[in-house]
Every structure is written in structure tokens, then in C-alpha cells.
Amino acid sequence: MKRILSLIAVLGIACIIAVQPTVAEAATSFPDVPENNRFHDEIQYLVNKEIISGYSNGKFQPKRNVTRGEAAIMIGRMLGYDGRPTATRFTDVTAQNGASGYISEAAVYGIISGYPDRTFRPNEYITRGDMAIFLARAFDIETGSIREFKDVREQMKAYSSIRNIAGDFITTGYSDGTFRPASKVTREQFSAFLARGLSPEYKQRTVKKDGYSRDMTKKYVFSSPNGDIRMEYKKTMGQFGELHYAGFFWVIQGPKSGDIWYIQQEETDEMLIESYPFSNYEIALKYPVKVGTSWSGYGLSETDALKITGVNKTIKTPYKTFTNVVEVNEKGYKHYYVKGVGHVKTVDPTGKLVSELKSIR
């Protein structure tokens, strides 16, 4: 089996256009959005990007439900639509509707859709299911997720979209394992979803605090016998076989010019996985972490299962010496993981170095 983290496998590459939004300092504050509001930073981030705004009384009304028309406005601003009022294909959205320009353009580009009776129903509150559909299209997300929700079934219209935004760290659902697709969306919630779609900083806030995944806001450098390997989570545009995609990936640059890999990483309460886009995923760690835990990997037989062989290892790397390191054995290859950092080192069956962490910044 060729390990992703060992950077042995080779993937066909495409051109990359990198966009790394940064979180700006808040330029505006609302009296009803104090700093202790869970989504304060996300709201201010979008205000500074002129994607959302408050009301004439100076308030933001974070708990107010979002209408379908308001959602179209915010998504349209995010995508750079001009928003000039215009006639639309929907019988209930005339040029007199302030959201008509955004609704019309979003419909043209296939971001939003109406109902079979040719209405859009701009004043209806948007549901979490419809929100997932709109955002998956707006951010062009198609790679799915290993996360399952108790109340999301394959027959649902929003099924794929919900899985897509979950895999892109836009939503995590609720603590009871549900997504609640029929529930309404508040202004603060919608702000959080948009901010997560745009910035790794807000994506990172959705992950397990005590997990073993890499930090999406950091750049990693690994040393290897052939030279340095660089890893950065960023927005890219590329082509994978016949599929086109624009979204966030871990982009890995190998020692040689032109050596590029795209990797997805996702973590749940059950496992940490990595995969190539539109491909089978590999389980890097199985939870709970304890010696003797084993699992089968993609393309491996039961006798070749991966196994946790240590949980309190001390491992030295050029970056630093780590303690309480988890060791995973895979057919003699040993992979080492650190809580809050991720994969830090791999050695081959003879003990020779494959890769080790050199720097994080």
C-alpha cells in the first residue's frame, strides 16, 4: 500500500491558483454582537469584506432568521455579483425586489433554484438543507465527507450538499449527531457558514480540539532524503482526471519542481482519514487511541492491518522533540502522530527516514 503521508504515491497534477484569505481586524461593531458572541469574529470578518451589513438602527440582529432573498444577497456579494435590480425568471421576483439582481445572477450561474411553480419565494426563511445546497454550489464543493448525520438520508435532495459542506469544514452539525435540514438558519449561523467557506481560520475552529489532524492555518515543512516537502492548506483550482474542482485542499509540494499532491484530511470521533480528491480514503488513526487497536487499510488484507504499537513514544524531529507520540505500524513502516500537530515522522521497515517534520509556521 502506498501511504499518503509518506508521500510515496504520485497523483496527476493541474495548475494551481492560490487564494488565502486573511482575517482582517474588525472595522465595525454591533451593540447586539458582543465579543463573547460565539460568531462575533465571523460576523466582523464578513462585514469587513462587505458581504453582510447591519440594519439602520445600528444592530445586526444575529438571532433573526435569514430569508431566501437575503441568502441570495449575501452569496451574491461574496461571489462579486453587481446586484443591480433586474427582471428575473421567477414570477414572484420582479425588478422592484431589492434582491432581484443577486437572485437573477445566482440563478443564471446555477447557485440557487426555485420551485416547480416558477416561484423563488424570497421572503420564506431558508432551511439548513437549502442553505447546504446553495453553499455547496457557491463554493463548488463536490468531494463529500465521511461524516454521517442521523437525520440525513440518501433520498433527500440536500444529501450530497450536506455531505460536501461537512467535508469542507463549513458545518459540523449538532452534538446529538443530527444536521436538522428542515430547521431555519439565523443571521449569525449563516455568517459562520460563509466565513468557514472563505477562510481556513474559521474552518480550523470546527475541528476537534484534542485531535491529531494538522492545523489548517499553518504551513508545514518536512525533510526527506530527497529534499524538503512543503504542505499548505489553501484554495486551489485544478483538474483531477475529468473532474474540475475549485476548493480548499492540503497542497503538497515535493522536492522536485512540479511534484504536487492534493490531499484531503478529515477527523471525526471515530477516525482520522486522508484521501486524494474523488478517491478512496485511508484511515490514518482509529479512535480511541490505545495500543493494540488495528484496522484494515485500502488495498490491504486483514493480515496487513495497520496497528497502534505505541502511545507514549518520544520522537525527535528537526522541528522539536515530541513526547506522548502515537506510533502506527503499517507493514513495517512506522508513522508517528502528535495531538494538535498531526503526522510528524515516518520511517521505513529498515529504520531509514522517509519524512520528518522540519518546521511549522
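No lab work stands behind these numbers, since they all come straight from the coordinates. No experiment lies behind these values; they were computed from the predicted model shown. In this analysis, Cβ positions are derived from the backbone assuming ideal geometry, glycine residues included, and neighbour counts consider all displayed protein chains.
Calculated mean residue ellipticity at 222 nm for the chain: -5500 deg cm²/dmol, from DSSP H runs with n ≥ 4 weighted as -39500 (n - 2.57), summed, divided by the residue count and rounded to 500. The modelled label-to-label distance between Lys307 and Asp228, using points 7 Å beyond Cα along the C-beta direction, is 3.8 nm.
Peptides 31-37, 45-51, 101-107, 175-181 ranked from most to least packed, by the mean per-residue count of other Cβ atoms within 10 Å: 101-107, 45-51, 175-181, 31-37.
When only the Cβ of Lys, Arg, Asp and Glu is charged (+1, +1, -1, -1), the dipole of the chain relative to its Cα centre reaches about 600 debye.
Counting Lys +1, Arg +1, Asp -1, Glu -1, what net charge surrounds Ile52 among other residues with beta carbon under 15 Å of its beta carbon?
Details: positive: Lys49, Lys59, Lys63, Arg64, Arg77, Arg187, Arg196; negative: Asp32, Asp41, Glu42, Glu50, Glu70, Glu188.
Result for the neighbourhood of Ile52: +1.
Building the convex hull from the alpha-carbon atoms of the chain and averaging its projection over directions returns 19.9 nm².
Relative to the current alpha-carbon distance between Lys209 and Thr178, full extension at 0.36 nm per residue lengthens the span by 9.1 nm.
Under the criterion of Cα pairs below 8 Å and six or more residues apart, the relative contact order for the range 303-349 equals 30 percent. The aspartates and glutamates within cross-link reach of Lys49, meaning a Cα-to-Cα straight distance under 16 Å and a gap of 8 or more places when in the same chain, are Glu25, Asp41, Asp82, Glu188, Glu201.
Projected over all directions and averaged, the alpha-carbon convex hull of the range 219-360 occupies 9.1 nm².
Across the range 219-360, the mean sequence separation of Cα contacts (distance under 8 Å, 6 or more residues apart), normalised by length, yields a relative contact order of 17 percent. Summing +1 for each Lys or Arg and -1 for each Asp or Glu among the other residues whose beta-carbon sits under 15 angstrom from that of Ala95 gives -1.
Each of Ala99, Thr172, Gly110 was placed along the dipole of the range 40-204 (beta-carbon charges, centred on the mean Cα), and the one lying farthest toward the positive end is Ala99. For the chain, the residue among Val47, Gly342, Val33 whose Cα projects farthest onto the positive side of the dipole built from Cβ charges is Gly342. Per-residue Karplus couplings for the range 321-329, computed as 6.51 cos²θ - 1.76 cosθ + 1.60 with θ equal to phi - 60°, are listed in order as 9, 9, 10, 6, 7, 8, 10, 10, 9 Hz, Gly and Pro entered as x. Efficiency by 1/(1 + (r/R0)^6): what FRET value for Glu154 and Arg64, r their Cβ-Cβ distance, R0 = 51 Å, to the nearest 0.05? Working from the Cβ atoms, E equals 0.95.
Per residue, the average separation of C-alpha pairs within less than 8 Å and at least 6 apart gives the chain a relative contact order of 14 percent.
Backbone geometry of the range 86-94 corresponds, through the Karplus equation with coefficients 6.51, -1.76 and 1.60 at θ = phi - 60°, to 3J(HN,Hα) couplings of 7, 5, 10, 7, 8, 5, 9, 10, 8 Hz, x marking Gly and Pro.
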